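Read-outs throughout are calculated quantities, based only on the coordinates presented, and are distinct from any laboratory measurement. These numbers come from a predicted model, not from an experiment. Backbone-built Cβ (ideal geometry, glycine too); neighbour counts: all protein chains shown.
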Amino acid sequence: MIVFSANISTKHREKLQEEFPEQHFVFCDSPEEAKKYTDKAEVYVTYGNDVDEKLINQAKQLKWVACISAGVDEFPLKKLEEEGIRLTNVRGIHKIQMAEYAITMLLQVYRNSKTLIENEKQAAWDKSVRVQEITGKRILILGTGAIGGETARLAKAFRMKTIGISRSGKNVENFDEVYQTSKLLDVLPEADLIVSVIPSTQETKHLFTYEQFAAMKPTAVFLNMGRGDLLKEDDLLRAIQEKEFAHAVLDVFEQEPLPVNHPFWQEENITVTPHISGLSPAYVERALKIFAENLKVYENGENDYRNVVNLKHGY
């Protein structure tokens with residue numbers, strides 16, 4: 001039995017049933033409804049926020065959890081490993097929309113769009129608004145996978161120098177240079193734009209503290225669309241207020257939704273967006289394409305699944 005706790009449209013449900021007529025699908029409208037079937041599930045398809053140790057203990061027949069989002073930091077990875085349950089995700093399907101988000105938001109800061117929009121509301125014809133160009137700048141991208149690579153490819157259209165940070169430090173297409181995470185403080189002072197897309201792991205949690213923000217250029221723009229726990233929020237706020245760097249664009253936070261009384265909302269040099277960098281009208285279609293490819297592997301008893309999560313590393 002394949003149980004969907006992820007609610008998908010009738011169109012997608014019918015397409016899966018047509019493509020896999022031998023499979024018994026149970027499509028649920030919510031994780032609460034899916035709990036009725038977990039004891040019979042061999043495959044569990046989820047957005048990821050409902051899988052805990054209790055669910056795994058109930059799902060005695062479970063062999064594979066297919067997460068149709070990319071982040072798996074909230075999964076009980078150790079428990080999955082102990083039970084021999086495979087976990088896959090859909091990393092890579094976010095690269096187009098998230099790279100577009102990054103370039104859009106960096107341009108928004110450099111072209112001073114917030115001021116221009118506010119002036120328009122006030123019918124203020126002010127040609128003194130200061131604007132800049134991103135062309136030819138140095139962009140530092142934390143995470144050189146699909147999203148980071150696509151962001152670097154788009155940056156090349158603006159003739160930027162692209163520098164990557166990754167766990168391995170291996171050279172990757174579209175990056176002029178790549179360094180290991182341990183070299184972060186060495187390369188931060190040279191970057192005009194810093195974009196983070198790295199996942200949440202023990203190594204990346206609070207990777208950015210006041211020390212890292214203070215190492216940036218006073219003119220630098222920092223954008224985080226990876227995970228909210230990458231940085232210490234109080235340190236970022238202090239660094240912005242003390243003008244250690246110029247502007248922060250934040251799409252992810254340790255607490256979401258961001259509380260209405262959070263000081264980030266009031267800071268002129270912080271742009272807040274509500275965790276929307278990964279949204280796309282093509283999202284579910286792309287996610288289910290990966291799931292369908294893996295389901296064929298599952299049916300054939302093979303082992304070459306796509307996007308298998310390393311349960312020790314957490315990505």
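Observations, loosely collected:
- Computed over the Cα atoms of the range 88-152, the ratio of the radius of gyration to the Kirkwood radius (Rg/Rh) comes to 1.14.
- Pairs of lysines in the range 158-315 whose Cα atoms sit within less than 22 Å of one another amount to 14, provided the residues are eight or more positions apart or on different chains.
- Likely footprinting exposure, E173, E190, fewest C-beta neighbours within 10 Å first: E173, E190
- Among V272, V26, V129, the residue with the largest mean-square fluctuation in a Gaussian network model of the chain, with springs joining Cα atoms closer than 10 Å, is V129.
- Under 10 Å, Cβ to Cβ, from I147 - net charge with Lys/Arg +1 and Asp/Glu -1: +1
- From least to most packed, judged by other beta carbons within 10 angstrom and beginning with the fewest, K95, K121, K15 follow the order K121, K15, K95.
- Fraction of antiparallel bridges per DSSP, the chain only, in percent to nearest 5: 5 percent
- Count of Lys pairs (Cα-Cα under 15 Å; at least 8 positions apart or interchain) in the range 1-66: 7
- Based on Cα atoms of the chain, Rg over Rh with Rh as the Kirkwood radius reads 1.02.
- Expressed in units of 2.2 N^0.38 Å, where N is the residue count, the Cα radius of gyration of the range 183-315 is 1.30.
- By the beta-carbon count within 10 Å of each Cβ, the least crowded to most crowded order of L193, L142, fewest first, is L142, L193.
- Contour excess over end-to-end distance, with Cα ends at T10 and K205 and 0.36 nm allotted per residue: 66.3 nm
- Reduced Cα scattering model of the range 95-272, Debye log10 I(q)/I(0), q = 0.18, 0.20 Å⁻¹: -1.21, -1.47
- Label positions at W125 and T273, each projected 7 Å from the Cα along the C-beta direction, are separated by 3.2 nm.
- Those aspartates and glutamates that a straight Cα-Cα span of less than 16 Å connects to K127, excepting residues fewer than 8 apart in one chain: E118
- Radius 10 Å from Cβ of T271, net charge of other residues (Lys, Arg +1; Asp, Glu -1): -2
- Gained length - E133 relative to D73, 0.36 nm times residue gap less alpha-carbon distance: 18.0 nm
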